[in-house]
Structures are given as C-alpha cells and as structure tokens.
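Undergrad: Mind having a look at this structure? Questions to follow.
The values are calculated or read from the model by the stated rules, or taken from the named source; none is laboratory data. Every value quoted in this text rests on a predicted model; they were computed, and no experiment measured them. In this analysis, Cβ positions are derived from the backbone assuming ideal geometry, glycine residues included, and neighbour counts consider all displayed protein chains.
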Amino acid sequence: MSTKRITGMAVMSAMSIILVAIPFLRIQPFPIAPFLEYDAGDIPIMMATFIYGPMAGMMVTVIVSLIQGLAFSFGGGAIGILMHIIATGAFVLTGGILFRFIKDSKLPKIASLSISIVVGVIGWLIGSISFNVLLTPIFMGVPREGVISLLLPAILPFNIMKSGINGTIAGVLYMLLSKQIDKYLNSSIAITDVELSKFDSETTDNESVETSDSDPVLNNQDLTDQ
C-alpha cells in the first residue's frame with residue numbers, strides 16, 4: 001500500500017470523525033425513534049471507497065466506527081459501533097465493488113457512480129434492517145414486535161434518507177474532484193516510470209562501457225597468440 005494511499009485514508013478517517021463530532025450536524029428526524037440520528041460522517045468514508053476501492057473504504061469504516069464509539073459514544077456504545085460497521089460497510093462493499101468494476105466501462109462516469117450509489121443504498125438498507133430486526137431486540141432488551149412496528153414509519157425512511165444523502169454528496173464531491181485526485185494518485189506512478197527508465201538507461205550505459213573495456217583485452221590476447 002503506497003504512502004499516498006495511506007495518507008489519503010487517514011485524512012478521510014479524520015474528516016469523518018470531525019463531521020461526527022459536530023453537534024449541529026447530528027439530527028434526530030423521527031421523534032418516535034430518537035435513537036435514529038443523522039450525521040454526515042459517512043461522506044468521507046464513501047469518498048474513500050470511490051477513490052481507493054471497497055477494501056480501503058471498509059478499513060476506514062472500521063477505524064471511524066471504533067473511534068466514534070469509544071471516544072464519543074452518543075449513547076450508542078457497542079451496538080452503535082456494530083451497527084455503523086454493518087450499515088456503512090454494506091454500502092461500501094456493495095456499491096464500492098460495483099463501482100470498481102464499472103467505472104472504466106463505456107458508461108459515463110456519472111452513470112456508473114449513480115448506479116453504484118443506488119446499489120450501495122440497497123445494501124445499506126438490507127444490512128441495517130436485518131440488524132435492527134435480528135439484533136436490536138437482543139442488545140436493547142426490547143420486544144422484536146416493537147422494532148418491526150417502527151420499520152415503515154421510522155427505520156426504513158431514516159436509512160434511505162441517511163444513506164441517500166451521504167452517498168449523493170460523496171458522489172458529487174468525487175465527480176468534482178476526480179480529475180485532481182487521479183492526477184495526484186497517478187503522479188507517483190509517473191515518477192516511478194521515470195526512475196525505472198533512468199535506471200535502465202544507466203544499466204545499458206554501464207554494460208556498453210564494460211563491453212568496450214573488454215575489447216582491448218581480447219585484442220591483446222590475440223596478438224600474444226600470434
């Protein structure tokens with residue numbers, strides 16, 4: 001993993017944690033389910049996924065989820081950490097893997113990105129709803145029927161809103177910055193190519209010198225034999 005890649009992932013992780021820590025960016029849009037809280041912390045994670053790929057996005061997701069849960073908590077604790085990893089991770093893996101395969105296709109980049117975001121949102125919904133129905137009753141000690149009753153009025157629309165808004169913002173930022181990002185990332189490759197070419201050139205020159213130095217020796221030996 002290159003230094004630029006590691007640095008970029010670290011920057012995205014830091015930005016995500018900062019966005020999570022800003023109080024006025026945390027909103028509880030559904031009073032009947034105050035535990036559902038919107039924040040913008042997933043935007044840098046999604047951008048990291050589009051830039052560096054799904055595995056990098058997943059690494060940033062885990063790092064941010066752990067730091068957020070341990071340093072800020074906001075009442076979520078272990079369930080908040082796990083929920084964040086599952087929901088955001090589902091977006092990162094489904095949308096990120098798809099985007100990795102189709103971004104260089106004949107489709108316009110905006111179409112590839114839009115399709116990947118939609119698939120990522122669907123992955124998010126499957127992950128978050130499954131977690132809420134199966135595990136929330138266990139972690140929070142509430143009846144499963146109570147959680148199911150909140151699916152349509154709160155849990156489903158909240159997760160569509162959060163993943164859709166954050167995914168769209170991340171996609172727009174990526175589109176605006178993609179040329180600069182590609183130029184920055186490819187610059188290291190260009191430098192490496194120049195260094196390799198220089199090394200090959202020096203190697204060739206050295207071999208030529210050695211060959212020319214050896215010629216007189218052969219000629220002297222021939223004269224001795226005569």
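Undergrad: If I filter region 132-142 down to residues being surrounded by fewer than 19 Cβ atoms within 10 Å (Cβ to Cβ) and touching a helix residue (DSSP H, G or I) at 6+ places or on another chain (Cβ under 8 Å), which single residue comes out as farthest from Thr61 (Cα to Cα)?
TA: Val142
Undergrad: Looking at Ser116, Ser128, can you tell me which residue is polar (S, T, N, Q), over 24 Å from Arg26 (Cα atoms), surrounded by 13 or more Cβ atoms within 10 Å (Cβ to Cβ) and modelled with pLDDT of 90 or more?
TA: After ruling out the rest, the residue left standing is Ser116.
Undergrad: Where in region 42-159 are the helices (runs of 4 or more DSSP H), entirely inside, with at least 1 residues that are over 21 Å from Ile32 (Cα atoms)?
TA: Result: 42-52, 54-67, 77-102, 109-134.
Undergrad: Quick check on Val147: is it among the β-branched types (Val, Ile, Thr) and free of Cβ contacts under 8 Å to residues at least 12 places away in the same chain?
TA: For Val147, the condition - among the β-branched types (Val, Ile, Thr) and free of Cβ contacts under 8 Å to residues at least 12 places away in the same chain - is not met.
Undergrad: Now for a different question. Hey, among the residues in region 100-115 that are free of Cβ contacts under 8 Å to residues at least 24 places away in the same chain and among the hydroxyl-bearing types (Ser, Thr, Tyr), which one's nearest to Met47 (Cα to Cα)?
TA: Within region 100-115, the match that is nearest to Met47 (Cα to Cα) is Ser112.
Undergrad: Continuing with the same structure: Could you identify the single residue in Ile169, Ile155, Ile181 that is modelled with pLDDT under 90, on the phi < 0 side of the Ramachandran plot, surrounded by 13 or more Cβ atoms within 10 Å (Cβ to Cβ) and of a type in the set (A, V, I, L, M)?
TA: Matching residue, one of Ile169, Ile155, Ile181: Ile181.
Undergrad: Also: Return the residues of region 1-19 that are more than 12 Å from the chain's Cα centre (by Cα) and modelled with pLDDT under 90; say none if nothing qualifies.
TA: Once the filter is applied, which keeps residues that are more than 12 Å from the chain's Cα centre (by Cα) and modelled with pLDDT under 90, region 1-19 yields Met1, Ser2, Thr3, Lys4.
Undergrad: Which of the residues belonging to region 50-70 are in contact with a Lys or Arg (Cβ under 9 Å, 6 or more places away or on another chain) and of a type outside the set (A, V, I, L, M)?
TA: Within region 50-70, Phe50, Tyr52, Gly53, Pro54 meet the criteria.
Undergrad: Can Gly95 be described as in contact with a helix residue (DSSP H, G or I) (Cβ under 9 Å, 6 or more places away or on another chain) and at negative phi?
TA: Taking the combined requirement at face value, the residue satisfies it.
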